[in-house]
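The values are calculated or read from the model by the stated rules, or taken from the named source; none is laboratory data. Please read all numbers here as calculations on a predicted model, not as lab measurements. We place every Cβ from the backbone using ideal geometry, glycine too, and count neighbours over all the protein chains shown. Keep in mind that these areas ignore ligands, DNA and RNA; they rest on the heavy atoms of the full protein, side chains included. Shrake-Rupley method; radii C 1.70, N 1.55, O 1.52, S 1.80 Å.
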Amino acid sequence: MTFESQLAERKAELAEKWADLVLRTYPKETQKVWGRQKDRFQNPVGATIIETTRELMDLILEWADAEGIARSLDKLIRIRSVQDFSPSQALSFVFLLKKLLRDEFFQPMKAEGGLEELMRFEAKVDNLAMMSFDIYTKSREMIYRMRVDEVKRAQSSLLRKAGLVADVAVDSSAD
Amino acid sequence: MSNIPKADELFKSIDYTPPVTGWMETPVDFSPGHWCYPAKPEKIEYMESKLPGLWGPARQWLPSDADWKLPPNWKETVVNGFRERLKKFRTLQLFMDICVRCGACADKCHYFIGSGDPKNMPVLRAELMRSVYRGEFTLAGKILSKLTGSRVMEEHVLKEWFIYFYQCTQCRRCSLFCPYGIDTAEMTMMARELMHLVGLNTNWIMEPVSNCNITGNHLGIQPHAFKDIVDFMVDDIEEVTGRRVKAPLNEKGHEILFITPSGDVFADPGIYTFMGYLLLFDYLDLDYTMSTYASEGGNFGSFTNNEVMKKLNAKMYAEANRLGCKWILGGECGHMWRVVHQYMDTMNGDTQGPQMTTPKSPITGTVFDTAAATKMLHIVEFTADLIKHGKLNLDPSRNDHLRVTFHDSCNPARGMGLLDEPRYVLKHVCNHFFEMPPQTTREQTFCCAGGSGLNTDEIMEIRLRGGLPRGNALRYVQEKHGVNLMACICAIDRATLIPLADYWAPGVTISGTHELVANALVLEEGEVRKMDMRQEPLPGVEDEDDDWTPPNMEEA
């Protein structure tokens, strides 16, 4: 049996364990509340954690849809990049999958002499991490751009009155 | 192979574990991004000269500094101020005593839902204040401090207040779920009042407050500049509709005084809503005026203390009296309506002139008894009544390129029960209207996360995570129904929902409700529009005149 099919057999359980590890990156009181509230509109972070870990588990096993993986990562990273995390904390959830795999499979695979299989699969997780850096940075850049745009919008009429913006459509200059 | 680090070793370098201390002992992060800039000293000096004794020492300080330069007697000032307010405001005393920490509110705050920070659970945020109440004012708390979760006022406690009572938008969603009806917004108001006494403040609130006290509006725009800006919009309306509308300012002897937040005059996209009001009033030939002094419906005093709130609110009746108006029509604003609906009558009702009467629509004859106390009517009620009586010729197909949803702004929705009127208006001016899920709308609406003076860019991350619940529901209707526009009836929403939508549901734009009314309003039988209020061509209309080439693209 390949390592992938071994994972596929337990994918629901593994996704759930992974989600649980991600949930544990939040304070204790929060884990309790987010573990309890199942409504995705009242608990979007909890719901996104469960949804993305499940989706990603499928997508990694398939390993065919890079855009799908990016989309799925984006959902969770978009949230974690505005939460009170350092960049490494924000992206730790990818490495938690590695931790989970090692916790679950390292010992038995070592005993069977199959660690190469685990390492080969871990390269996929490393790929997720690299994609995550790009997505995280994109989110952060977007936030900075939005800050600048907001300042401009807040005083649009004043800039126009002060003649500080060129409205080319009504340009009446002689040149 | 044996060199591969053990799983736990590998993760030692990654700090992904949450703080293991209890929530109250977890240290607060004071690095930039966690707070709004404090007020410029000159703003505080000015306010001290107008309303002495409420501001503490004016000074340069930053929350990231270890020394906040508090006055030497700060502790006494805060504790005495607390005691005084417990006596003065019975609600505060009640809210301090009555909470049984049932936790019904715990997961109802948008800031908690988005951040996962336990101190954003309303029960625990209030506990930051309640613990001091027990420690300072109750016997049990004084004796059994640890057991009752009590603490005395210390500098770190005050600093924590500053961070967390500026992470409450006073939206009152938590109050909706509280079995005792505890109004957390009022607790936040009290905490902020107390902090002001020792000079802990934010510039985003205090600069508008001081500007308002001088010129009447947040940006400090003077009458001549205000008129120029309104004239620009009159030009723009003519460009779109061919009609030159009246925009009366400071004219005496009209029936109605119209007051709207200045964000509608100065900020994109509020200006299109403002054009909507002007076009509607001109169409109706309404007997009204605006005022360049009551040129601000917003009242950042309500984010500061009750004294300033009262002072800034007073201009509404003062201008109605000076101009001889019978009643006031109010534009699309959020906290303005909280102040008007909940506090204005108590604060300034005795200054209503004898000429003022209960609002009555001159077009339909409807008497708005609900506004009998304040003499101030919400424009959405006014417009809904016009539509109900068939007084507006509307062509909703002009908004056919828009798939619209509606964000209930916290203050009009939870604060005054204005739930159906905006929907009634929207459904008559748009053919494609879709509701977000019920647990995120009407009374249960999720805040924009920019209310109560938090709509400033230096805390963009805090706003975005607080905006997640709204953004998440918006994303849902975007995916399900192709929604591409979220309408609202609040000027702060019109500003803060833009980054919220750009981040959580990219592709959805934000507008006021009367912008869409203006798009649909047929001014004369057979009137054809080529563009919407934003001067964007309507679908199917080719812009024949667009043969203009940017100067740097012309051939030399």
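Once you charge only the Cβ atoms, +1 for Lys and Arg and -1 for Asp and Glu, what is the size of the charge dipole of the range A:3-165 about its Cα centre, to the nearest 20 debye? All intermediate terms of the calculation are to be shown ahead of the outcome.
Values: 28 positive and 26 negative charges, 242 e Å.
The dipole magnitude comes to about 1160 debye.
Rounded, prolate or oblate: which fits the range B:103-220 when a ≥ b ≥ c are the square roots of the eigenvalues of the alpha-carbon gyration tensor, with rounded for a/c under 1.5 and prolate only if a/b beats b/c?
On the way: a/c = 2.28, a/b = 1.43, b/c = 1.60.
Oblate is the answer for the range B:103-220, as a/c is 1.5 or above yet b/c matches or exceeds a/b.
Grab the beta carbon distance between B:L144 and B:Y180, set R0 = 25 Å, and tell me the FRET efficiency rounded to 0.05.
Values: r = 24 Å, r/R0 = 0.95.
It comes to 0.55.
Here the peptides B:53-63, B:524-534 are ranked by packing, the mean other Cβ count within 10 Å, and the order with the highest first is B:53-63, B:524-534. Remark: for residue pairs A:K152/B:K530; A:K152/B:K360; A:K152/B:K43; B:K75/B:K315; B:K159/B:K311; A:K161/B:K159, the C-alpha separation exceeds 30 Å in A:K152/B:K360; B:K75/B:K315; A:K161/B:K159. For the range A:7-19, putting each phi into the Karplus relation 6.51 cos²θ - 1.76 cosθ + 1.60 with θ = phi - 60° gives couplings of 5, 4, 4, 10, 5, 5, 5, 5, 4, 5, 5, 5, 4 Hz, in residue order, rounded to whole numbers and with x for Gly and Pro. Accessible-area loss of 40 Å² or more (1.4 Å probe, protein heavy atoms, chain alone versus all protein chains) is found in the range B:460-498 for B:M460, B:E461, B:R465, B:L468, B:N472, B:Y476. When the range B:118-251 is described by a simple charge dipole with +1 on each Lys and Arg Cβ and -1 on each Asp and Glu Cβ, the residue from B:T169, B:L197, B:L158 located farthest towards its positive end is B:L158.
Site pair B:H481 and B:I363 shows an inter-label distance of 2.5 nm when each label is modelled 7 Å from Cα along Cα→Cβ. Assuming R0 = 60 Å, what is the FRET efficiency of B:K252 and B:D400, from their Cβ-Cβ distance, to the nearest 0.05? For R0 = 60 Å, the calculated efficiency reads 0.90.
Computed from the alpha carbon atoms alone, the convex hull of the range B:361-480 holds 134 Å³ per residue.
Hey, can you list the DSSP H helices of chain B whose Cα span along the axis is 15 Å or longer and whose average Kyte-Doolittle score is at least -0.5? Result, helices passing both filters: B:122-137, B:184-197, B:203-215, B:223-241, B:270-284, B:491-504.
If you count only protein heavy atoms with a 1.4 Å probe, what accessible area per residue comes out for the protein assembly as shown, rounded to a whole Å²?
Working: 29830 Å² over 731 residues.
Per-residue value: 41 Å².
Which loop-located trypsin sites (Lys or Arg not before Pro) does the range B:91-141 contain, where loop means any DSSP state but H, G, I, E or B and the Cβ has at most 14 other Cβ atoms within 10 Å? Write down the numbers at each step before the final one.
Details: sites: B:R101, B:K108, B:K119, B:R125, B:R130, B:R134; in loops: B:R101, B:K108.
Sparse-neighbourhood loop trypsin sites (Lys or Arg not before Pro): B:R101.
How well do other chains shield peptide A:113-124, expressed as the mean number of their Cβ atoms within 10 Å of each residue Cβ? If you average over the peptide's residues, the count of other-chain Cβ atoms is 1. Per the accessible-area calculation with a 1.4 Å probe, the total area buried between chain B and chain A rounds to 5300 Å². Spin-label model, B:K87 to A:A64: label points 7 Å out along the Cα-to-beta-carbon direction sit 7.7 nm apart.
In whole percent, and with a 1.4 Å probe on the protein chains, what portion of the accessible area of the protein assembly as shown is carbon and sulfur? Let's see the in-between values first.
Values: 15670 of 29830 Å².
Accessible surface attributable to carbon and sulfur in the protein assembly as shown totals 53 percent.
If you count, for every residue in B:115-127, the Cβ atoms of partner chains within 10 Å of its Cβ, what is the mean? Walk me through the numbers before you get to the answer.
Details: counts 7, 15, 6, 8, 2, 1, 3, 0, 0, 1, 0, 0, 0.
What the average comes to for B:115-127 is 3.
For the range B:158-227 versus the range B:48-89, the inter-centroid distance based on Cα atoms is 15 Å. Relative to the current alpha-carbon distance between B:R243 and B:Q342, full extension at 0.36 nm per residue lengthens the span by 31.8 nm. The alpha carbon centroids of the range B:376-419 and the range B:245-270 are separated by 19 Å.
Rounded, prolate or oblate: which fits the protein assembly as shown, taking a ≥ b ≥ c as square roots of the Cα gyration tensor eigenvalues, rounded meaning a/c under 1.5, else prolate when a/b beats b/c? Note, shape of the protein assembly as shown comes out oblate.
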